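A quick write-up on the structure given underneath.
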Amino acid sequence: MNRVRNAATLLTLLVIFSTGCDKGLGPPDEPSGFSGVIRFKHWPSADSVRELRIVAFPFYPSDSASILLDLAQRLVSVYPQIGQPNLLSDTTQRVLFADSIRYSFSSAGTTLDVGVYNYVALAWRPTAFLFDWRPAGVYSTGPGQFDPAPVRVLLHKDVTGINIDVDFSNPPPKPWR
Amino acid sequence: MAMRLQSIFLILAVSARCAFASGGSIAGRVTGKGDSEPLVGVTVLLQGTVRGTITNTKGEYRIAAVSPGKCTLIFSMVGYRRETRADVIVEEGKEATLNVAMTQTPVLSEQIVVTASRREQSLQEVPVSISVLEASELQMRNAQTIDDALRYVPGVNITGGQVNIRGSSGYSRGAGSRVLLLLDGVPFITGDTGELVFESIPVGQIERIEVVKGASSALYGSNALGGVINIITKEIPTTPETDIRSYAGLYNKPSFGSWAWSDKNRYYNGESISHAYKSGDLGVALFFSRQFDDGYRQNDYHRRYNVYVKTKEDFAGSNSLTMNFGLLYQYGGQYVYWRNLDQALIPPVLQQTDDVRSIRYYVNALYNGILSDKALFTAKVLWYHNDWGYETINAIGMTKSLSDEIAVEATTTLILNRMNTMTAGFDANFDMVNADLFGQHSGGGLAAYAQDEYKITRELNFTAGVRFDFQSVAITKPSGQLNPKAALSYTPLAGTTLRTSFGRGFRIPAVAEAFISAEVSNLQVIPNNDLQPERSYSYELGLSQAIGGLGTVDVAGFRSDFDNLIEVGLAEGSGSLPYVQWRNVTKARVQGFEASFRFGLFDGGLGCNVGYTYTHPEDLVTHEVLKYRPRHLFYANLTGRAGMFTAGADFRFVSRVDNIDSIFVNLGIIPDGDQREDIIVTDVRAGADLSFTGIPLSATVNVNNLFQRNYVELIGNIMPPRTYVLVLEAKF
């Protein structure tokens, strides 16, 4: 009788001990970020487009000397994140020489945070030199404009319509000195 | 300063040596019944006196300077039935021999505690709720710091490293504590932030931890609103002992790909070495440890070094002088909260490079003098120095804080007659703070207290005490506090004890709470010169009942009323932005009940502890539930041993807290900060004694958070995923 009682007690405890199987907290279904379309014009030759990445600066990047430091400190968010294949390697759509592509820059898998980004651009590396970056297009106040427009990233919301026009023959000026 | 104090103690010690070296002595050996193995750590008390000792590694004991005549000895130890030997005859100048064999009863504890009345008492005799954590429990869980182990004490939960006993505390953002931490009976709280820095005390040198539940300011003064945690350090063994311990742990990968932030495995590891020996009357223990942790979250790493030295000089007549020195040096990242739930293991950008470095050390001296068979005198001095600061420019700027606390106390325990035992004493403390965030402040306090334990009948004990504190430390206006206590315990039958108690508690605000001045996330944090002490009244009614040979049950109902409770919150500025400030905001009441069971299964082959605590913590002004107080706590653990193998499991359920400091969520400072769930965690372990190899080695494997539950104790802070730890320990 005692053995039965002991075994029942032990079994009860083991059932209790195994009730933590549920995973608990997890990422919400809707990450934070923004999305839109990038429209391209006047593509150069393929060897002049080595990398394309979207960059989001919380501030206007007027000093080139500090950009590397800001990148290192993750003050600047980059999509796809540095170290991962760039937009040209997108397997879901053909990017090189396309008229337009869709993109979604979210907090999942990047350092994008909730807040205001005052300079959002498509960064272009035209040469083999790893630090030769320039803006190909900027999210601006209107078509054909180079004045950057702010993007407000809201918690668990995809801010749509953040479209970027890219004219490789007439890129926006480098914001930094 | 320390040298001068040491000299005073030595003079006291020498005078005691001269005065009390007469009488006879009793010596003997304590073994287990049946196997004749020596029992180490058995408490041996001379009934009706203040004299006592514990057995050494050979199971031997000796009590000197015993008055000639007939006396009674009481032998007690956890897991063994108490043994009493009456009519032991002691003659002048002679040594009586008394050997005792004790019977193992795994489910019945005969625990000796010292915190309830500042003197040694059997756990069954104390009229308040006390839980005890033994060194073996800390070791088997491979606890890195004390708060790791406190998570498994019934009625206790931890939020962001701060201790909450039966709903007394919520979370105060690192400033102030409603639980008093004692190190060998002396308050051990930082002078600036009023925190409990558990890392300062090396776990490997702890004999046991006593947790008193309920207000205890009548004996211990400020901070003892919700309870007291007393860390008792190990005694120095009579034979040389060396202990080498090493552990290596691995954090499991995050549950979700989007939470992954590092391609590398995240490890933690550490080593400690200690050696203790005794030469004549002088015992010395040395300890060093190193703990490295990569952290499972970004910028959450730490490197920690502890040094600890203890010396104990025994004098004639069971008098002794103990000196302790402890040093903690650590540096690491500062992870305050997550970026959001998408990136739960990464801090916000501005916290990604925060580093904190700290050096904390303490020196304390404890003198134990037996004035006569009926009078015990203890004196204690502690100097606790804290130096910490941010190494980098961060969200609150470059900061550095220096603080020193000096505490002195003297206590006398007098057995007045067969019915009355009186404990009385005084203490004083002095604090100095020089901090970028809190400014320069100094102050101090004086207190005197007295308590009488009155044995009304053999079954009925009444305890009453009072303490007066005068403090001028953090608050601008000096204040006095009178804190009474009263308690009754009734033991109508062997194994049955009814208890009831009342106590008052208070807490002087920490310097950090009153004087902090900073800007965090564009919010001004401003000082509050009008901050007043908070107070509490605690009541408890409890029953402890042994159930045959099955085990023991303890049930208790409790209630605490708080006045002037200090909370951090937003306040409206005059026409400007709101600001953050610590304020006396509310009256509150916490009431509930607790039930704990200790029992054995399969004839004691498996030991089991189960504890459940229900609390209803209510703000009496807003009628909301107090912040960061879970309503339900449930703990269970199983421990088994078979030959050279041991195994165990811990289960912990902490219900989702109803209320948090939501201003940090509403203002967007901690995105997704309101995301929280029940805490349901299971840890398992298995070990083996490998001494059959000829090497005195043991190995344990722990798997913590076995089911990889993702949960927060504090908003915006995911707790560790599943971890695997291998521990190797050699003792010789």
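Got a sec? Which of B:110, B:37, B:92 is of a type in the set (D, E, K, R) and modelled with pLDDT of 85 or more?
On the way: B:110 fails: modelled with pLDDT of 85 or more; B:37 fails: modelled with pLDDT of 85 or more.
Just one listed residue meets the conditions, B:92.
So which residues in region B:602-643 are under 19 Å from residue B:79 (Cβ atoms) and of a type in the set (A, V, I, L, M, F, W, C), if there are any at all? Spell out how you get there, then give the answer.
Step one: filter region B:602-643 for residues under 19 Å from residue B:79 (Cβ atoms), giving B:602-611, B:637-643.
Selection gives B:602, B:606, B:608, B:610, B:638, B:642.
Report those strands (runs of 3 or more DSSP E) wholly inside region A:92-151 carrying at least 2 residues which are within 14 Å of chain B (Cβ to nearest Cβ).
Values: elements: A:100-106, A:115-117, A:119-125, A:134-138.
Once the strands (runs of 3 or more DSSP E) in region A:92-151 are filtered for at least 2 residues that are within 14 Å of chain B (Cβ to nearest Cβ), what remains is A:100-106, A:115-117.
Looking at residue B:152, is it in the same structural domain as residue B:216 (by TED's automatic domain parsing), in a loop (DSSP other than H, G, I, E, B) and farther than 30 Å from residue B:608 by Cα? Break it down into steps so the answer makes sense when it comes.
Numbers: in the same structural domain as residue B:216 (by TED's automatic domain parsing): yes; in a loop (DSSP other than H, G, I, E, B): yes; farther than 30 Å from residue B:608 by Cα: no.
Considered against the rule, which asks whether it is in the same structural domain as residue B:216 (by TED's automatic domain parsing), in a loop (DSSP other than H, G, I, E, B) and farther than 30 Å from residue B:608 by Cα, residue B:152 comes out as no.
Specify which of the listed residues (A:44, A:27) is in a loop (DSSP other than H, G, I, E, B), buried (at least 18 other Cβ atoms within 10 Å of the Cβ) and not basic (Lys, Arg). Working first, answer last.
Values: A:44 fails: buried (at least 18 other Cβ atoms within 10 Å of the Cβ).
Just a single option satisfies the conditions, and that option is A:27.
To keep it simple, each residue is scored yes or no on (1) of a type in the set (A, V, I, L, M, F, W, C); (2) over 20 Å from residue B:377 (Cα atoms).
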residue: B:404; (1), (2): no, yes
residue: B:425; (1), (2): no, no
residue: B:437; (1), (2): yes, yes
residue: B:441; (1), (2): no, yes
residue: B:444; (1), (2): no, yes
residue: B:450; (1), (2): yes, no
residue: B:499; (1), (2): no, yes
residue: B:502; (1), (2): yes, yes
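Taking region A:69-123 as the search range and keeping residues that are over 21 Å from residue B:256 (Cα atoms) and among the charged types (D, E, K, R), which one is surrounded by the most Cβ atoms within 10 Å (Cβ to Cβ)?
A:74
Quick check, is residue B:314 at pLDDT below 90, under 19 Å from residue B:283 (Cα atoms) and away from every other protein chain (no Cβ under 14 Å)?
On the way: at pLDDT below 90: yes; under 19 Å from residue B:283 (Cα atoms): yes; away from every other protein chain (no Cβ under 14 Å): yes.
Here the answer is yes, as residue B:314 does meet what is asked.
Given the criteria under 14 Å from residue B:235 (Cβ atoms), part of a strand (DSSP E or B), at pLDDT 80 or above and β-branched (Val, Ile, Thr), does residue B:31 qualify? Full working, then the answer.
Working: under 14 Å from residue B:235 (Cβ atoms): no; part of a strand (DSSP E or B): yes; at pLDDT 80 or above: yes; β-branched (Val, Ile, Thr): yes.
Answer is no for this residue.
For region A:126-135, indicate whether the set of residues that are hydrophobic (A, V, I, L, M, F, W, C), exposed (fewer than 14 other Cβ atoms within 10 Å of the Cβ), more than 30 Å from residue B:339 (Cα to Cα) and free of Cβ contacts under 8 Å to residues at least 24 places away in the same chain is non-empty.
First pass over region A:126-135, keeping only residues hydrophobic (A, V, I, L, M, F, W, C): A:128-131, A:133.
Cutting the leftovers down to exposed (fewer than 14 other Cβ atoms within 10 Å of the Cβ) gives us A:128-131.
With more than 30 Å from residue B:339 (Cα to Cα) added as a condition, the list becomes A:128-129.
Okay, now just the ones that are also free of Cβ contacts under 8 Å to residues at least 24 places away in the same chain, so A:129.
Yes, region A:126-135 contains a residue that is hydrophobic (A, V, I, L, M, F, W, C), exposed (fewer than 14 other Cβ atoms within 10 Å of the Cβ), more than 30 Å from residue B:339 (Cα to Cα) and free of Cβ contacts under 8 Å to residues at least 24 places away in the same chain.
Tally the residues that are within 13 Å of chain A (Cβ to nearest Cβ) and part of a strand (DSSP E or B), restricting the search to region B:330-361. Talk me through it step by step, then tell me what you get.
Within region B:330-361, the first condition is being within 13 Å of chain A (Cβ to nearest Cβ), and the residues that meet it are B:337-354.
Still in the list and also part of a strand (DSSP E or B): B:340, B:343.
Residues flagged as within 13 Å of chain A (Cβ to nearest Cβ) and part of a strand (DSSP E or B) within region B:330-361 amount to 2.
Would you confirm, using the coordinates I've provided, whether residue A:113 is at pLDDT below 85 and in contact with a Lys or Arg (Cβ under 7 Å, 6 or more places away or on another chain)? Before you say what the answer is, go through the steps one by one.
Numbers: at pLDDT below 85: yes; in contact with a Lys or Arg (Cβ under 7 Å, 6 or more places away or on another chain): yes.
For residue A:113, the condition - at pLDDT below 85 and in contact with a Lys or Arg (Cβ under 7 Å, 6 or more places away or on another chain) - is met.
With the condition kept exactly as written, say whether any residue in region A:57-68 is outside any loop (DSSP other than H, G, I, E, B) and exposed (fewer than 12 other Cβ atoms within 10 Å of the Cβ).
Applying the first criterion (outside any loop (DSSP other than H, G, I, E, B)) to region A:57-68 yields A:57, A:64-68.
Now narrow it down to the ones that are exposed (fewer than 12 other Cβ atoms within 10 Å of the Cβ): A:65, A:68.
Within region A:57-68, one or more residues are outside any loop (DSSP other than H, G, I, E, B) and exposed (fewer than 12 other Cβ atoms within 10 Å of the Cβ).
Which numbered condition trips up residue B:93, out of (1) part of a loop (DSSP other than H, G, I, E, B); (2) under 30 Å from residue B:424 (Cβ atoms)?
The number of the failed condition is (2).
Are any residues in region B:661-704 within 26 Å of residue B:579 (Cβ to Cβ), touching a residue at least 40 places away in the same chain (Cβ under 8 Å) and more than 14 Å from every other protein chain (Cβ to nearest Cβ), and if so, which ones?
Taking region B:661-704 first, the residues within 26 Å of residue B:579 (Cβ to Cβ) are B:661-674.
Add one more test, that the residue is touching a residue at least 40 places away in the same chain (Cβ under 8 Å), and what stays is B:661, B:663-665, B:667, B:669-674.
Residues satisfying the conditions are B:661, B:663.
Got a number for residues in region B:634-646 being in contact (Cβ under 8 Å) with a residue 40 or more places away in the chain and either away from chain A (no Cβ under 14 Å) or closer than 15 Å to residue B:602 by Cα (or both)?
Going through region B:634-646 one residue at a time, the tally reaches 4.
Run down B:364, B:319 and say which single residue is more than 14 Å from chain A (Cβ to nearest Cβ), within 22 Å of the chain's Cα centre (by Cα) and not aromatic (Phe, Trp, Tyr). Write out each step before concluding.
Working: B:319 fails: within 22 Å of the chain's Cα centre (by Cα).
Selected residue: B:364, the only one of B:364, B:319 that is more than 14 Å from chain A (Cβ to nearest Cβ), within 22 Å of the chain's Cα centre (by Cα) and not aromatic (Phe, Trp, Tyr).
Which one of B:679, B:669 is within 15 Å of residue B:157 (Cα to Cα) and assigned by TED's automatic domain parsing to the domain that holds residue B:259? Spell out the reasoning first.
Details: B:669 fails: within 15 Å of residue B:157 (Cα to Cα).
Exactly one of B:679, B:669 is within 15 Å of residue B:157 (Cα to Cα) and assigned by TED's automatic domain parsing to the domain that holds residue B:259, namely B:679.
Applying the selection to region B:609-662, what residues are part of a loop (DSSP other than H, G, I, E, B), under 22 Å from the mean Cα position of the chain (by Cα) and either among the basic types (Lys, Arg) or not assigned by TED's automatic domain parsing to the domain that holds residue B:132 (or both)? I'd like the intermediate steps shown before the answer.
Filtering region B:609-662 for residues part of a loop (DSSP other than H, G, I, E, B) gives B:620-624, B:626-631, B:643-644, B:655-662.
Add one more test, that the residue is under 22 Å from the mean Cα position of the chain (by Cα), and what stays is B:628-630.
B:629 - this is the single residue of region B:609-662 that is part of a loop (DSSP other than H, G, I, E, B), under 22 Å from the mean Cα position of the chain (by Cα) and either among the basic types (Lys, Arg) or not assigned by TED's automatic domain parsing to the domain that holds residue B:132 (or both).
Out of the residues in region B:705-729 meeting the condition of being within 14 Å of another protein chain (Cβ to nearest Cβ) and not in a loop (DSSP other than H, G, I, E, B), tell me which one is nearest to the chain's Cα centre (by Cα). Give the derivation first.
Let us first name the residues in region B:705-729 that are within 14 Å of another protein chain (Cβ to nearest Cβ), namely B:705-722.
Keeping just the survivors that are not in a loop (DSSP other than H, G, I, E, B) gives B:710, B:712, B:718.
Values: B:710: 27, B:712: 23, B:718: 25 Å.
So the residue we want is B:712.
Just wondering, is there one or more residues in region B:51-74 that are over 18 Å from the mean Cα position of the chain (by Cα), buried (at least 23 other Cβ atoms within 10 Å of the Cβ) and of a type in the set (D, E, K, R)?
Among the residues of region B:51-74, at least one is over 18 Å from the mean Cα position of the chain (by Cα), buried (at least 23 other Cβ atoms within 10 Å of the Cβ) and of a type in the set (D, E, K, R), which makes the answer yes.
Is there a residue being under 25 Å from residue B:600 (Cα atoms) and aliphatic (A, V, I, L, M) anywhere in region B:83-92?
no
The values are calculated or read from the model by the stated rules, or taken from the named source; none is laboratory data. Note that the structure is a prediction, hence the values are computed from the model and not measured. For neighbour counting, all protein chains shown are included, and Cβ atoms are generated from backbone atoms with ideal geometry for every residue, glycine included.
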